[in-house]
1. Report, ordered by the first and then the second residue, all pairs with beta carbons closer than 6 Å, sequence separation of six or more or different chains, a first member in segment 50-62 that is surrounded by 12 or more Cβ atoms within 10 Å (Cβ to Cβ), and a second member that is at pLDDT 85 or above and of a type in the set (V, I, T).
2. Give me the residue from segment 47-91 that is small (G, A, S) and assigned to a loop (DSSP other than H, G, I, E, B) and, out of that set, farthest from A35 (Cα to Cα).
3. Six or more apart or on different chains, Cβ under 6 Å: which pairs go from a residue in segment 71-91 that's in contact (Cβ under 8 Å) with a residue 12 or more places away in the chain to one that's aromatic (F, W, Y) and surrounded by 11 or more Cβ atoms within 10 Å (Cβ to Cβ)? Could you list them?
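The values are calculated or read from the model by the stated rules, or taken from the named source; none is laboratory data. Because the structure is a prediction, the values reported are computed rather than measured. Cβ placement follows ideal geometry from the backbone for every residue including glycine, while neighbour counts extend to all protein chains displayed.
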Amino acid sequence: MAGRAWNLPAEPPGRSPGDAAAEQERAATGRPPLALLQSTRVSCVRALPEGSGLSVDEGATRVGYGGSTALRRLLKRQLGATPRQQRLDAG
C-alpha cells in the first residue's frame, strides 16, 4: 500500500479519540459515561441478594471498585443513605 494516503479525521490538539466516544455515549444516553457506569454499579450492588452475607467491601469488589469507600459515597449520593442506614431502615 505504498504511496496511498490515509484520510483520517484530524483531532484538534489536546483531544483524544476517547473524547469523541464520550460525546457519542452522552448523545445516545443523555448521560456522561461516568454517570452511566456509576448507575450500573449501584444497580448491580442493589441486585445482590440481601441475605447473601456479602460485606460492602465484597460487593464493591464485585462491581469493580478496589474498596468500599468510593462505593459507600456513591450509594449515599445516589440513594441518600449509606449501606448501614439502608439496612437499619429495612430492618
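1. What qualifies is G59/V45.
2. Let us first name the residues in segment 47-91 that are small (G, A, S), namely 47, 51-53, 55, 59-60, 64, 66-68, 70, 80-81, 90-91.
Next, only the ones that are assigned to a loop (DSSP other than H, G, I, E, B) stay: 53, 55, 64, 66-67, 80-81, 91.
Working: G53: 28, S55: 24, G64: 15, G66: 18, G67: 19, G80: 16, A81: 18, G91: 30 Å.
For segment 47-91, the residue satisfying everything is G91.
3. Close Cβ pairs satisfying both conditions: L71/Y65.
Residue-wise test of (1) modelled with pLDDT of 90 or more; (2) surrounded by 13 or more Cβ atoms within 10 Å (Cβ to Cβ); (3) among the aromatic types (F, W, Y).
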position	(1), (2), (3)
W6	no, no, yes
P12	no, no, no
D19	no, no, no
V45	no, yes, no
